Each structure stands twice: as C-alpha cells, then as structure tokens.
Amino acid sequence: MTNLSMSRRSMLMMMGGVSGAALLGGCSRDSGATGAVATPTGEAPFTSNLATIHTGYDNPNFGHHLSDVVAWEKGWLKQAGFTTWDNKIINDSMPAIIGGGVDWTASDTDGIIPAIVEENVPVVYLGTRRDNEDMIFGLSPGTTVEKLKAERGYVSGGEVGTRNELLGKMMISELGLDPENDVRWVAMGGGSDTRLAALLNGQLMGSNLQVRHVKVVEDAGGTIAYRQSRKIAQDGYVVKREFLEKNRNAVVAYLWATIMAKQFVKDLDTRDEVIEMLTKHDFDFNEQAREDYPADVNTLSADCGFEIPEMEKLWEEFGQTGEADPNIDWRSACDLEPMWEAQEAAGLPRRPSAL
C-alpha cells in the first residue's frame, strides 16, 4: 500500500483538476496491500471470479474505508478468493464508478436512488454502508436552551428548505421549543464546518453539528443540547449493473467479506486492533479520532441491510422539504439478492426479509 499520510491525502483532495477516477490514496491499481494478513478460520462459502475489485470512496475519513481495511487485514477477502486489494480515495463517487475508475463505491442514498430511477444512471444499489445517522444540536458558549428561546436566537441547519434544516427543527422540538416561533433560522451554505465557525464566533446561538465537532464545541465552552442516533438508510454500496451481471460471484464475495468485517468492528472490544490495522494503512488517529471511533462504528450497518421503514422514512422526509418525490420507486434501484446471499453465508438473517 502506498505510504501516503492522511494530511497529504486531504491536501490532494482539495487540489483542482483531478478526475473522479483519479487515484488519490490507497494502494496502487495493480498492487496488493503489504504486510502479513491474519489467517481466517473456516472456508469461504463461495469464491470470487475476480482477483481484485477496485474500490474507492469520496471521503478520506477512516470510517468510509474501515470495513474494507478490516476485511483485507483479517483475511476474509483472501478467503473469498481475492488475491490483491485495491482501495482509493476519489473526488466523486459517481463519475468514478460510471467512468470505470473504480468497480465499487458508496454513495448517499438520497443522491443515488433518484439518479437511478429518474435519470437511468446504469448502477445498482446493493445495500447500506451506514444505517444510522447522528442527530446533534449544539449551543454557542454561554447559551442555554432558555436563553435561546428568550432571545429568539439565530440558529441554522444549513440551507433553507433542506432535510438538514428539517432535522434541526426536529431537534429544536425535542428540546421543548417551537422551531417556527422560538428561534430564527439562518440559511448558511458551506457545510457543517461553516456552521461550527459561526457558532463559536457568536453569529449563531445554535446549529446542527457533526460528531467531529462535539469536542471542539465543548472545549470552547459550548454545550451539546441534543445528541441521539436513529436508524435510517443513510448511504449504500453501488456497482454498475453491467459489472454485477458479469461478476456476480465477485460482488457476493465482497459483500460477504464486508459483512464479516462489520460484524468484527461492531464489537468495540476490537477497537485497538482495528485502529492498529487502520494506522498500518496510513490513517492518522489523534485523540479526537479515537474518541469519535465508537460513534463512527455505530453508524455502520452491521450486515449491509436495512429495514423497509428506515428507507421509507428517508423519502418521507425529503418529500416534506420538496427535495425528492416521497413516492419514488426506490425498490427498482435496488438488487438485494447478492446481499441476501452474503448475509445468509455469514449466518445472518435476510434484512430486509423481502422487498
């Protein structure tokens, strides 16, 4: 594996002129990961027809690559017939998968499903990478819920009329406030880091946040007024339909190895071992990353599956904001047969049991 530090990867991610299929990190296209691989017990239930599936994710955060790293290091990929391992950091998942730069990626459910259903993008949704999402609402230093209401403070969930803002209003309601009358909503682009900065410099009294922001806010004297996780089909694994048709055995085998890895990392007693694996592959773990590890693992689906209401809830919420058709035929974008086969091979029930 190429020895590329995460700080260097992050820098490359921000450089212009790099195509979605470009190699920004991970092992080279034709080389396997270096180092000893643990010998797994038992026999794989099937064998891949390919020596390698070229995978890539459009985020350098360790959580996006966690299952793949562990599947390789624990030997499940080798057990399923893969002789090399190739994982990249890419600019954008869809151009990379469509252009052939990678064979396998993950993408937000709300982006990929409409692309398949409404735009006939020739890819297929195989199952979830994450089936949990964190709902976190932070208050600026010196702000309490009571003060927020008394001053009708400025808050933000991002852009107006988005699902992120809807989630912010849901959290405000859970805090006992009227989201329409007790606070004033501010449209703010630039992502959650922009909102964090506005929260800390006093422009906002409250905001939706990410897990990585929690310690920053608390260290600055702010508070986390609301923090819960909930089940929802947040994002999923994607391959081209043509690739699945030609290489179904490889897809099932990779799903099986991924599920085995997820089952392993879901046991937080394995944290030190998993962090050691990730560090070996150049993922930096500072104090913040170690603290965030349980939350990152919590968002991962343990079996690549989801429950039907968890998928339908997503489209219901996008329907409320007008960002997507709440009645979208999401089932037509999915092929869960490979996942079901992999789940059963891992000794797990089908989830969902049927479409």
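Against the condition at pLDDT below 95, surrounded by 14 or more Cβ atoms within 10 Å (Cβ to Cβ), aliphatic (A, V, I, L, M) and farther than 10 Å from residue 156 by Cα, how does residue 217 come out, does it pass?
Numbers: at pLDDT below 95: no; surrounded by 14 or more Cβ atoms within 10 Å (Cβ to Cβ): yes; aliphatic (A, V, I, L, M): yes; farther than 10 Å from residue 156 by Cα: yes.
Taking the combined requirement at face value, the residue does not satisfy it.
(1) more than 18 Å from the chain's Cα centre (by Cα); (2) in the same structural domain as residue 120 (by TED's automatic domain parsing); (3) in a loop (DSSP other than H, G, I, E, B): which one isn't true of residue 306, the others all being true?
Going through the list (1) more than 18 Å from the chain's Cα centre (by Cα); (2) in the same structural domain as residue 120 (by TED's automatic domain parsing); (3) in a loop (DSSP other than H, G, I, E, B), residue 306 breaks only (1).
Can you list the helices (runs of 4 or more DSSP H) lying wholly within the stretch 54-139 that have 3 or more residues being surrounded by fewer than 24 Cβ atoms within 10 Å (Cβ to Cβ)?
62-73, 93-99, 109-119
Just to check your reading of the model, which residue among 146, 180 is outside any loop (DSSP other than H, G, I, E, B), over 25 Å from the mean Cα position of the chain (by Cα), under 23 Å from residue 228 (Cβ atoms) and among the charged types (D, E, K, R)?
One residue alone meets the criteria, 146.
Would you be able to say whether some residue in the stretch 22-40 is closer than 22 Å to residue 275 by Cβ, of a type in the set (Val, Ile, Thr) and at pLDDT 95 or above?
Looking through the stretch 22-40, none of the residues is closer than 22 Å to residue 275 by Cβ, of a type in the set (Val, Ile, Thr) and at pLDDT 95 or above.
crowded, with 16+ Cβ neighbours inside 10 Å and out of contact with any strand residue (DSSP E or B) (no Cβ under 8 Å at 6 or more places or on another chain): which single residue out of 308, 259 fits that description?
Being crowded, with 16+ Cβ neighbours inside 10 Å and out of contact with any strand residue (DSSP E or B) (no Cβ under 8 Å at 6 or more places or on another chain) holds for just one of 308, 259, which is 259.
Looking only at the stretch 195-207, decide whether some residue is closer than 17 Å to residue 295 by Cβ and out of contact with any His (no Cβ under 6 Å at 6 or more places or on another chain).
As a first pass, look at the stretch 195-207 and keep what is closer than 17 Å to residue 295 by Cβ: 196.
So of that shortlist, the ones also out of contact with any His (no Cβ under 6 Å at 6 or more places or on another chain) come out as none.
No - not one qualifying residue is present in the stretch 195-207.
Pick from 284, 272: which is surrounded by fewer than 21 Cβ atoms within 10 Å (Cβ to Cβ) and over 28 Å from residue 102 (Cα atoms)?
Going through 284, 272 in turn, the sole match is 272.
Residues being surrounded by 19 or more Cβ atoms within 10 Å (Cβ to Cβ) and assigned to a loop (DSSP other than H, G, I, E, B): count how many of those fall in the stretch 189-211.
Going through the stretch 189-211 one residue at a time, the tally reaches 3.
Please state which one of 290, 331 is of a type outside the set (A, V, I, L, M, F, W, C), under 19 Å from the mean Cα position of the chain (by Cα), assigned by TED's automatic domain parsing to the domain that holds residue 45 and surrounded by fewer than 21 Cβ atoms within 10 Å (Cβ to Cβ). First the steps, then the outcome.
Numbers: 331 fails: under 19 Å from the mean Cα position of the chain (by Cα).
Criteria check complete, one pass: 290.
Looking only at the stretch 145-166, filter to residues that are under 20 Å from residue 188 (Cα atoms) and of a type in the set (Lys, Arg); which one of those is surrounded by the most Cβ atoms within 10 Å (Cβ to Cβ)?
Of everything passing the filter in the stretch 145-166, 163 is surrounded by the most Cβ atoms within 10 Å (Cβ to Cβ).
If you go through the stretch 218-242 one residue at a time, how many are at negative phi and assigned to a loop (DSSP other than H, G, I, E, B)?
2
To keep it simple, each residue is scored yes or no on (1) touching a residue at least 40 places away in the same chain (Cβ under 8 Å); (2) of a type in the set (S, T, N, Q); (3) assigned to a helix (DSSP H, G or I).
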{"position": "251", "(1), (2), (3)": "yes, no, yes"}
{"position": "264", "(1), (2), (3)": "yes, no, yes"}
{"position": "275", "(1), (2), (3)": "no, no, yes"}
{"position": "284", "(1), (2), (3)": "yes, no, no"}
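Give 186, 214 a once-over and let me know the one that is assigned to a strand (DSSP E or B), touching a residue at least 12 places away in the same chain (Cβ under 8 Å) and of a type in the set (A, V, I, L, M, F, W, C).
That would be 186, the only listed residue that is assigned to a strand (DSSP E or B), touching a residue at least 12 places away in the same chain (Cβ under 8 Å) and of a type in the set (A, V, I, L, M, F, W, C).
The values are calculated or read from the model by the stated rules, or taken from the named source; none is laboratory data. Worth saying up front: this structure is predicted, and the values here are computed from it rather than measured. Positions of Cβ are generated from backbone atoms using ideal geometry, with glycine treated the same way; all protein chains shown enter the neighbour counts.
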